[in-house]
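Notes for the one structure printed next.
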Amino acid sequence: TPGLETNNLSATQPRYTIRGITTNDFGIGSDPAVGVYQDGVYLGRIGAAQINFNDIERVEVLKGPQGTLFGRNAAAGAIHVVTKKPQPVAEGNVRYQYGNYDRHRAEALYNTPISDSVYTRASIVYNRRDGYIENLQGPDLDDEEQYSVRFGLLWEPSNTSELLLRFEYDKIDQDARQLTSLNPGIGPADPYGPYETDLDSNEQRDLYGASATFT
């Protein structure tokens, strides 16, 4: 997408730029300059804007200003993530990946109708990896651990109306991004060398979400 730039080195501090407009104050409690929405719901804190992309239908990028339709924090534009709706068919899939540094990633999805007018859809993703940056003071750094669960229920009481309920939970408990300096006056100017730090760089987030849409 021309004019769009993203930086998600930190899951709790992602940065989005549209047409050169961004937020330099990207702490977990700040408002983003680019409005991020999921299924029409505004994600009011930048720390909640980086979600796990399981069972996503599409991502819409709307260049700003979008204040008329999307509110005051969409002066630069809006990013709208749309998840898949429950379908009136039974389907499912499972995917598993294994990689170096003991990476494990598992995904599962199941969709089923429970009556002629009510359908449910559930998905789960689990991802973990050991650290790969050598730490002289303890365990290797930059490990990953995240899982998310998403559930949706769709009720169609008539041919012209529907009620859609969505619920999700996302948990992160891993190392934060690691930084180094190339100034030899501060430390060895080797960004690929081992680290020596005794700081706790843990990055944690518990995200809960729910929405109801009647059309």
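The values are calculated or read from the model by the stated rules, or taken from the named source; none is laboratory data. Source: prediction; values computed, not measured. In this analysis, Cβ positions are derived from the backbone assuming ideal geometry, glycine residues included, and neighbour counts consider all displayed protein chains. Note: accessible area is taken over every heavy atom of the protein model, side chains too, but ligands, DNA and RNA are not part of it. Shrake-Rupley method; radii C 1.70, N 1.55, O 1.52, S 1.80 Å.
Candidates in the range 167-208 are the residues that are buried (at least 17 other Cβ atoms within 10 Å of the Cβ) and aliphatic (A, V, I, L, M); of these, the one that is farthest from G47 (Cα to Cα) is A176. Exactly one residue among Y101, Y110, Y147, Y169 is under 25 Å from the mean Cα position of the chain (by Cα) and part of a loop (DSSP other than H, G, I, E, B), and that residue is Y101.
Residue by residue, here is whether (1) under 27 Å from R177 (Cβ atoms); (2) at pLDDT below 80 holds:
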{"residue": "T1", "(1), (2)": "yes, no"}
{"residue": "T6", "(1), (2)": "yes, no"}
{"residue": "I21", "(1), (2)": "yes, no"}
{"residue": "G29", "(1), (2)": "yes, yes"}
{"residue": "I46", "(1), (2)": "yes, yes"}
{"residue": "Q66", "(1), (2)": "no, yes"}
{"residue": "G77", "(1), (2)": "yes, no"}
{"residue": "H80", "(1), (2)": "yes, no"}
{"residue": "Q87", "(1), (2)": "no, no"}
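Do we find a residue being of a type outside the set (F, W, Y) and not in a loop (DSSP other than H, G, I, E, B) anywhere in the range 18-30? Scanning the range 18-30, I find at least one residue that is of a type outside the set (F, W, Y) and not in a loop (DSSP other than H, G, I, E, B), so the answer is yes.
To keep it simple, each residue is scored yes or no on (1) in a strand (DSSP E or B); (2) open to solvent by 30 Å² or more (accessible area, probe 1.4 Å); (3) closer than 21 Å to S201 by Cα.
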position: V82; (1), (2), (3): yes, no, no
position: V89; (1), (2), (3): no, yes, no
position: R121; (1), (2), (3): yes, no, no
position: G138; (1), (2), (3): no, yes, yes
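Figure legend. Inter-residue proximity from the range 35-47: first residues at negative phi, second residues surrounded by fewer than 16 Cβ atoms within 10 Å (Cβ to Cβ), beta-carbon distance below 6 Å, spacing 6+ or different chains. Indicated pairs: V41/S211; I46/S30; G47/I28. Looking only at the range 149-166, decide whether some residue is at pLDDT below 95, open to solvent by 40 Å² or more (accessible area, probe 1.4 Å) and touching a Pro at 6+ places or on another chain (Cβ under 8 Å). No, that holds for no residue.
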